[in-house]
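The values are calculated or read from the model by the stated rules, or taken from the named source; none is laboratory data. Quantities reported herein were computed from a predicted structural model and do not represent experimental measurements. So basically every Cβ, Gly included, is an ideal-geometry build from the backbone, and we count neighbours across all protein chains shown. Accessible surface areas use protein heavy atoms only, side chains included; no ligands, DNA or RNA. Shrake-Rupley method; radii C 1.70, N 1.55, O 1.52, S 1.80 Å.
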Amino acid sequence: MQTSIIPQLRDTPDGEEADRILRACTHCGFCTATCPTYQLLGDERDSPRGRIYLIKQVLEGEKPTQKTQTHLDRCLTCRACETTCPSGVEYAKLADIGRDLVDQQVERPRHERVLRWLLRHIVAYRNRFAFFFALGHIFKPLLVGPLAPLKQKMPPRRKALAWPKAENAQRTMIVLDGCVQPVAAPNTNAHAARIFSQLGVRLVAPKASGCCGALSQHLAHREEANDFARRNIDAWWPYIEDGAEAIVLTASGCGASVVEYGHMLRNDPEYAEKAARVSALARDLSDVLAEEDLSQLGDLGHGRQVAYHPPCTLQNAPQLHDNVAEILTQAGYQLTHVRDPHLCCGSAGTYSILQPTMANELRSNKLASLQAGDPDVIVTANIGCQLHLESAAGVPVRHWIELLEPAVAA
């Protein structure tokens, strides 16, 4: 693709990166075949190729409008287009640049600005989110009439399990707690820690770590996302220096962000080298466990029917490898057939809140596919997908790691 980026952008880091990405695009349209929003709306501007053109126009000096903003907002950043693209176009990076440029030029309606501010300043901070989560449950009975949809979105409270002491463990790995997961699903990392303990690995979650930065990144606050990355690097670095083998990501949405820390902070003289090291150590939970001897866990499934939803981030983000199906099969579970597993469930971080109509339609389609095989349980590998699907599913929805604990599996 030929480009003519305006001079004030051309020689900036964003301009140079956008130019490189745009020039890789050959207009082939393969991306439209796997784009969830294009399949629903049939509008070229709601396809990756169409959004690439919109961003290109902004980079070349054309003034964006609210329509431009809307089409970019509708993108789930599921990155299915990247997996499909024969030219290796890094669409997600371009989308982040495009959203940022458009938001600088197009003022959002007040209600949108307020909602986005609240998401960035409450959801991304674990303690603040925990406070409002508890408050929401207190007032949950009052959510009726037009407020009823909020009640549906609110996940149940879960009693936190104790972490193992793992005093005799010879190996150490770091796990990211994040922001939403420790509040809404506090036992995901606890289950992981208990299983790792059986394998002789101590899993540590430094308290100073927090949000991975993905929320800010996709809401066009990229420097804020960089600050979250720096905070996590600082929290993890002492453990890395002491020989931690890996940074284990139990939420693939966070994993897709952490593996990009090296890229995000590549121009930061103080953090570039550390960020690259962190990205190299970041691995999905299933990728780590696939290299361990899990035979001691035994036959946990006894043939139970499980429908597995692989999150988009685990399917499409570079460096994340999905071994969930193989691990569950090894543990004795029978995986049901799921139609179109590549399609997004509609969660996509804050997407289910900011684009509820689209998100709910995608969820309905996904649940129809997942429940077609009459499973006993639906499992996934990302907190966002888990909460989004759980709010409307007819069967339990869990993180897959829970099924490797005998008490839960029974």
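Some points to look at:
- Against the main long axis of the alpha-carbon atoms of the chain, helix 48-59 sits at an angle near 50°.
- Cα gyration tensor category, rounded, prolate or oblate, for segment 7-105 with a/c compared to 1.5: oblate
- Binned Cα-Cα distances of the chain, short to long, each 10 Å bin given as a whole percent: 5, 22, 32, 27, 12, 2, 0
- Look at the dipole of the chain built from charges on Cβ: of GLY384, ILE174, PHE30, the Cα furthest out on the positive end belongs to GLY384.
- Cys residues of the chain that find no other Cys beta carbon under 4.7 Å: CYS25, CYS28, CYS35, CYS75, CYS85, CYS345, CYS385.
- When +1 charges are put on Lys and Arg Cβ atoms and -1 charges on Asp and Glu Cβ atoms, the dipole computed for segment 7-165 relative to its Cα centre reaches about 1300 debye.
- Rg/Rh ratio calculated on Cα atoms of segment 81-236 (Kirkwood radius): 1.04
- Largest to smallest in accessible area, the residues GLU361, GLU44, GLU260 fall in the order GLU361, GLU44, GLU260 (1.4 Å probe, all protein chains included).
- Integer Hz, Karplus 6.51/-1.76/1.60 couplings in order for segment 337-348, x for Gly and Pro: 6, 10, 6, 6, x, 6, 7, 5, 7, x, 6, 6
- Full extension of the chain between GLU223 and GLN152 gives 22.2 nm of extra length, using 0.36 nm per residue less the Cα-Cα distance.
- List ILE401, ILE353, ordered by accessible area with a 1.4 Å probe, largest first: ILE353, ILE401
- Two-site FRET efficiency, ARG128 against ARG266, from Cβ-Cβ distance with R₀ of 51 Å, rounded to 0.05: 0.95
- Between the helical axis of 222-241 and the longest alpha-carbon principal axis of the chain there is an angle of about 40 degrees.
- Accessible surface, the chain, averaged per residue in Å² (probe 1.4 Å): 44
- Surface/4 of the Cα convex hull for segment 158-306, nm²: 10.0
- SER197 sits with roughly 40 Å² accessible to a 1.4 Å probe, with DNA, RNA and ligands left out of the calculation.
- Between helix 13-24 and the chain: long-axis angle, C-alpha atoms, 0 to 90°, nearest 10: 90
- Taking packing as the residue-averaged number of other Cβ atoms within 10 angstrom, the listed peptides 297-307, 103-113 run from highest to lowest as 297-307, 103-113.
- Segment 239-306 and segment 171-194 have Cα centres separated by 12 Å.
- Relative contact order of the chain, pairs being alpha-carbon contacts under 8 Å that are 6 or more residues apart, as %: 13
- Taking all pairs of distinct alpha-carbon atoms in segment 192-245, Kirkwood radius in angstrom: 12.6
- Note on segment 114-203: dipole from Cβ charges, positive end direction compared against SER197, PHE129, PRO141; the farthest Cα belongs to PRO141.
- Apportionment of accessible area to carbon and sulfur, the chain, percent (1.4 Å): 52
- The chain: most fluctuating residue of SER252, SER391, SER347 per GNM, C-alpha cutoff 10 Å: SER391
- Against the criterion of solvent-accessible heavy-atom surface with a 1.4 angstrom probe, TYR351, TYR125 sort, most first, into TYR125, TYR351.
- Globularity ratio of segment 296-409, using Cα Rg and 2.2 N^0.38 Å: 1.04
- The stretch between ALA368 and TRP117 holds 87.0 nm of extra length on full extension. This uses 0.36 nm per residue minus the Cα-Cα distance.
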